[in-house]
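First up is the structure itself, then whatever we jot down about it.
The values are calculated or read from the model by the stated rules, or taken from the named source; none is laboratory data. Given the structure is predicted, the values throughout are model-derived calculations rather than measurements. Here the Cβ positions follow ideal geometry from the backbone for every residue, glycine too, while neighbour counts run over all protein chains shown. Areas reflect the complete protein model, heavy atoms only, side chains present, ligands, DNA and RNA absent. Shrake-Rupley method; radii C 1.70, N 1.55, O 1.52, S 1.80 Å.
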Amino acid sequence: MDLPYQLSITKEQLKELPVAMFPGEITVVETPEQEEEAFARLSQYDTVGFDTETRPSFRKGKVNNVSLIQVSTDDHCFLFRINKLGFTPAIRRFMENGAILKIGLSLKDDFNVLHRNSDFAPDGFIDLQQFVKEYAIRDLALSKIYGIIFDQRISKSQRLSNWEAPVLTEGQQIYASIDAWACLRIYNRLRSGEFHPEDSPYRYVPEDPEQHA
């Protein structure tokens with residue numbers, strides 16, 4: 001979509017928005033039985049939201065393996081605890097299943113870290129950082145994209161928490177679920193045609209006309 005303007009939200013504007021709340025059910029998956037049931041339910045959907053969490057490292061140059069994979073429908077998010085389950089054959093089949101669209105953000109980074117867990121060939125993924133460009137959205141952070149489209153703010157308070165804790169807290173579960181669910185919600189809203197960039201309060205005209213090309 002070649003438009004003479006772009007959409008961008010400032011940090012100050014984002015801080016003024018109400019916090020987004022996840023409205024659905026959350027299921028923590030950490031046993032083979034739970035995993036089987038989760039994928040049986042997810043197989044009924046053709047499009048889902050996707051995200052990962054990795055235990056933060058505070059040592060320069062050290063990157064931990066992915067701890068959690070989040071897969072969300074409109075009203076139910078499944079949290080696959082990879083640190084307990086491992087990268088199972090069922091997870092690999094899901095990641096390689098091109099029949100299920102998986103909507104995420106900055107997926108290259110997710111894949112790079114996930115390949116530390118196991119080798120796989122991702123298929124059926126859509127990266128919002130590329131997709132939103134068609135709607136004149138310049139910002140690349142999930143929180144900013146969500147703010148532009150829904151006038152709500154995604155809390156990042158749990159981002160640096162321990163994702164390999166024996167039990168995930170309620171706050172961690174909600175935080176992780178919102179990110180995957182938000183990816184799906186953004187995609188669905190843009191695809192529906194209900195979002196009109198020309199009416200956005202975050203519209204601006206770049207000083208350099210080449211920036212919108």
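Values for this structure:
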quantity: Positions within the range 1-58 being open to solvent by 70 Å² or more (accessible area, probe 1.4 Å), farther than 15 Å from Tyr146 by Cα and among the hydrophobic types (A, V, I, L, M, F, W, C), in sequence order; calculated: Met1, Phe58
quantity: From Val205, Val113, Val167, Val132, residue being among the aliphatic types (A, V, I, L, M) and free of Cβ contacts under 8 Å to residues at least 40 places away in the same chain; calculated: Val167
quantity: Residue that is most open to solvent (accessible area, probe 1.4 Å), among those in the range 148-179 that are part of a loop (DSSP other than H, G, I, E, B), of a type in the set (Val, Ile, Thr) and in contact with a strand residue (DSSP E or B) (Cβ under 9 Å, 6 or more places away or on another chain); calculated: Val167
quantity: 2 or more residues touching a strand residue (DSSP E or B) at 6+ places or on another chain (Cβ under 7 Å) and open to solvent by less than 40 Å² (accessible area, probe 1.4 Å): qualifying helices (runs of 4 or more DSSP H) within the range 84-147; calculated: 107-114
quantity: Residues of the range 89-132 satisfying the condition of being small (Gly, Ala, Ser) and farther than 24 Å from Gly193 by Cβ; calculated: Ala90, Gly98, Ala99, Ser106, Ser118, Ala121
quantity: Test: residue in the range 152-168 that is at pLDDT below 95, under 20 Å from Thr54 (Cα atoms), in contact with a Phe, Trp or Tyr (Cβ under 7 Å, 6 or more places away or on another chain) and hydrophobic (A, V, I, L, M, F, W, C); calculated: yes
quantity: Within the range 59-83, tally of residues that are modelled with pLDDT under 95 and surrounded by fewer than 17 Cβ atoms within 10 Å (Cβ to Cβ); calculated: 7
